[in-house]
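Report on the structure given below.
The values are calculated or read from the model by the stated rules, or taken from the named source; none is laboratory data. Bear in mind the structure is a predicted one, so any value in this text is a computation, not a measurement. Because the Cβ atoms are built from the backbone with ideal geometry, glycine has one as well, and the counts that use them run over all protein chains shown. These area figures cover heavy atoms from the full protein model, side chains too; ligands, DNA and RNA do not enter into them. Shrake-Rupley method; radii C 1.70, N 1.55, O 1.52, S 1.80 Å.
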Amino acid sequence: MLVDPRLGGCLDRGSDSLLVGTGLGKIQVESAVEKAAQLARRDGGTLILALLGHGEGSGGAALHFVTSGKRNDPPLTNVNVTSLLNDTLNHPGLNGLVAIVDTCLSGGAVPAAPDVTSGRQKGDVRFSLLFAATAHQPAYDMRLSTELTRLIAEGLPGAGKFLKVDDDLMERLGERIRGQQPGRNIFDGGSRVGDALWLARNHVAFRSGPLGPIAKQALQDASRRVDRSLLLSTEEELVAWLKDNEHTTGGGSWIAVQRLREVQAELEAGRKTLSVISSVFGPVLTEESLQLVGVLAGLPLDFVRQEPPRTLRDTIEHAAHHGSTADGQQRALAHVVAAMAHVTRHRGQLPPEVLAWAQDLELTAVLNSRLDELNHQPDGDQAPRLVLVLADDGGESVVRVDAWLLFGRAVLSRSRFPCGAGHKELKRAMAEAVAWALPWANIAKQPMQRIDVAAPTLVLLDSPPEEHVVRKQKLAVNYTVTTRWSGLLTPPIGVTVEDMLQVGARLLASLDDSDCCGPKWLQGEHLQTVDHLQQHLSNHGFGQHVWALSSLPESDWDYVAQELLEHAPALVWPRQKDVSNELVIQASVGKHWQALPQQISHAYRTHLSGASPSDDDLGPLATVRAAWHDRDWHAFCLRRADTIVSAPDEMASKERA
């Protein structure tokens, strides 16, 4: 940062500018400082000196910088920092010294005032010292230099063109550094007229200029709530106004000022984010990939599809100012950064700058979780997936279709499509839900192939979702339809969602069993009555098997299915009541077991097209239906568990024998 011409502005002299090691030695360090002071004198510049490492001293005595690499070495083998700083700032012709000391006990580096005023320069010196901890206090993990580097990178609103060792800088460092107390020492007896000593150019004033249109609008909207005539258009103006009005209390004005403070936090978060991702991800982004980032971050479709395309600044500002949650966490920013990491293929270890940014904004968990969700692609499928939940609210008919658009396990968007009673209304709502999802897939430039349809028991049995005609074709013709039972989203009466999630978890564990080679087939004697079935199921643990029927019972099929789905939310049964050869169906299911349920969809699509299956055992699979429970569906239901309520009591007469 210090040798970046846009920031620190120091002259980079190559190997002479940086000494690193645990055995540098006193002579080498003092010689390097002497040479640097002579060059600064020749150039008429300020000398910046940073000592980072281990410091020793006792009882507030002079600090010694451990250059020998050995703890508790005699003081003569290490550098007396107090003496070094005093001798350096008194070097004739030097235009000032700014020192940063990041060691334990670094408060002991402060030169005594009489030594400064009676030195060779007779007090005609300019000196700023920034130290990591008091003379009696340890320092940890290079916190001073780490946070100072971040501040230089981000800039400090309201601090002017330069960052100085002043109140603003110390206040911000104090907010960021925990476990130690940083401090400063300033001496200005210089006779020269000119700018005060500065450490670095202020990145805010140097780089950002005016705010982008979205941030500026958010600031103007918030300022007008305070006073219609108040016109704030820069972050610096906002900081100055809040400082002048920090004691405003009471009524609507107080609420409006609070909103301005929220905008200030949003501006800061957006600025930090833009600074990091511009350098880390910016060089490889295109307008097309940036649009995909907006989709994967879950930004609104009308924002993402804007022409001309949105810029990187637009994307960050929209997330910062329109994606905040009630508790102030900038989750939308974390989703944008996760999407950028995914799009630019940083899918393993995130770059250090991004990890530091997430830690600073307390978004590490959100960022990691979102990235894991985006990276979870079943079978490597990089296309969005649509989940349709057919909700009956305990009545006899579906009353709405809830639509969720997923990428991996990340929810990109959601919507709700009400429908009236009857098959025609349900078909219309499902068609609207599919049409709603297609623009997202088009932006992702991937054909949407997978649709999960979750339905309550009666709808699942009587109105097969894959057979619904959507856009003049059966849904199964264009999409791989996986049918789910919605009991984990609306548990039957007398069953809690936690019960059902446990049943599902046990089922997944049983499917992981290496001995599992197919479903558990029920025989005719088990299906004579619901009582017979319940007696049989009582001998098997919940979630112990995927249950399967090669023929349907003569009566009470809906009650039988309900019992089985409550026992294990995965079920295989024949599409038609008349089955010519049950053994053929069982053999086909067994052969293709590892490829279920997608293979059922493939077989059914082949059957609809009239083509001959390439596998003789694939044909019988087209006569089979399945309500399937797998890890992706379980994860989806777990995420929604907090919003799930049990079905109304009216379900009792419909769903229970």
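Given the protein chains as shown and a 1.4 Å probe, how many square angstrom of Phe162 are accessible, to the nearest 10?
Probe radius 1.4 Å; accessible area of Phe162 about 50 Å².
State the percentage of accessible surface on the chain attributable to carbon and sulfur atoms; use a 1.4 Å probe and exclude ligands, DNA and RNA.
So the carbon and sulfur contribution to the accessible surface is 49 percent.
Run a plain Debye calculation on region 270-355 (Cα atoms as equal point scatterers, no solvent) and give log10 I(q)/I(0) at q = 0.16, 0.26 Å⁻¹, rounded to two decimals, same order as the q list.
Normalising to I(0) and taking log10 leaves -0.55, -1.47.
Go through Pro352, Ile27, Gly190 and say which Cα lies farthest out towards the positive end of the charge dipole of the chain; charges sit on Cβ, +1 for Lys and Arg, -1 for Asp and Glu.
The listed residue farthest towards the positive side: Gly190.
Using a 1.4 angstrom probe on the protein heavy atoms only, could you order Trp436, Trp404, Trp573 from most to least accessible area?
Descending order: Trp436, Trp404, Trp573.
Sum -39500 (n - 2.57) across every DSSP H segment of at least 4 residues in the chain, then divide by the residue count to get the 222 nm mean residue ellipticity, nearest 500.
Per the formula, -12500 deg cm²/dmol.
Taking the Cα centre of region 369-514 as the origin and placing charges on Cβ (Lys, Arg +1; Asp, Glu -1), which of Pro456, Val477, Pro378 is farthest toward the positive end of the dipole?
Positive-most Cα among the choices belongs to Val477.
Take the Cα atoms of the chain, find their three principal axes, and give me the spread along each one in whole Å, biggest first.
If we take the Cα atoms of the chain, the spans are 109, 63, 47 Å.
Hey, can you grab everything whose amide H is under 5 Å from the amide H of Ala133? Only 5+ residues off in sequence or another chain; H modelled, so Pro and N-termini drop out.
Thr103, Ser106, Gly107, Gly183
Across region 256-266, in residue order, what do the Karplus-derived ³J(HN,Hα) couplings come to in whole Hz, using 6.51 cos²θ - 1.76 cosθ + 1.60 with θ = phi - 60° and x for Gly and Pro?
Using θ = phi - 60°, the values come out as 5, 5, 4, 5, 5, 5, 4, 4, 4, 5, 5 Hz.
Enumerate the amide H contacts of Val624 below 5 Å, restricted to partners 5 or more residues apart or on another chain; note that Pro and chain-start residues carry no placed amide H.
So Val624 has HN proximity to Arg575.
³J(HN,Hα) across region 163-172 via Karplus (A = 6.51, B = -1.76, C = 1.60, θ = phi - 60°), whole Hz, x for Gly/Pro?
Whole-Hz 3J(HN,Hα) from phi for region 163-172: 8, 10, 7, 10, 4, 4, 5, 5, 5, 5.
Given all pairs of different Cα atoms, what value in angstroms does the Kirkwood hydrodynamic radius of region 377-448 take?
For region 377-448, the Kirkwood estimate is 12.9 Å.
If you restrict to DSSP beta bridges whose two residues both lie in region 1-121, what percentage is antiparallel, to the nearest 5?
40
Could you give me the ³J(HN,Hα) list for region 77-92, computed from phi with Karplus coefficients 6.51, -1.76, 1.60 and θ = phi - 60°, whole Hz, x at Gly and Pro?
8, 10, 8, 6, 5, 4, 5, 4, 5, 4, 5, 6, 5, 8, 5, x
Rolling a 1.4 Å sphere over the protein heavy atoms, what is the accessible area per residue of the chain, to the nearest Å²?
I get 46 Å² per residue for the chain.
List the residues, sorted by chain then number, that are 5 or more residues from Thr482 or on another chain and whose placed amide H is less than 5 Å from its amide H.
Ile451, Asp452, Val453
When only the heavy atoms of the protein chains count and the probe is 1.4 Å, how do Leu19, Leu386 rank by accessible area, highest first?
Of Leu19, Leu386, the descending order of accessible area is Leu19, Leu386.
Calculate how many DSSP beta bridges within the chain are antiparallel, expressed in % of all such bridges and rounded to the nearest 5.
55
What is the P(r) of region 514-617, as percent of Cα-Cα pairs per 5 Å bin from 0?
Per 5 Å bin, starting at 0, the Cα pair percentages come out as 2, 11, 21, 23, 19, 13, 7, 3, 1.
Of the listed pairs Lys216/Lys243; Lys26/Lys272; Lys216/Lys445; Lys445/Lys472; Lys445/Lys520, which have alpha-carbon separations greater than 30 Å here?
Lys26/Lys272; Lys216/Lys445; Lys445/Lys520
Just to verify a number: what accessible area does Tyr140 come out at with the full protein assembly present, 1.4 Å probe, Å² rounded to tens?
For Tyr140, the solvent-accessible surface is approximately 100 Å².
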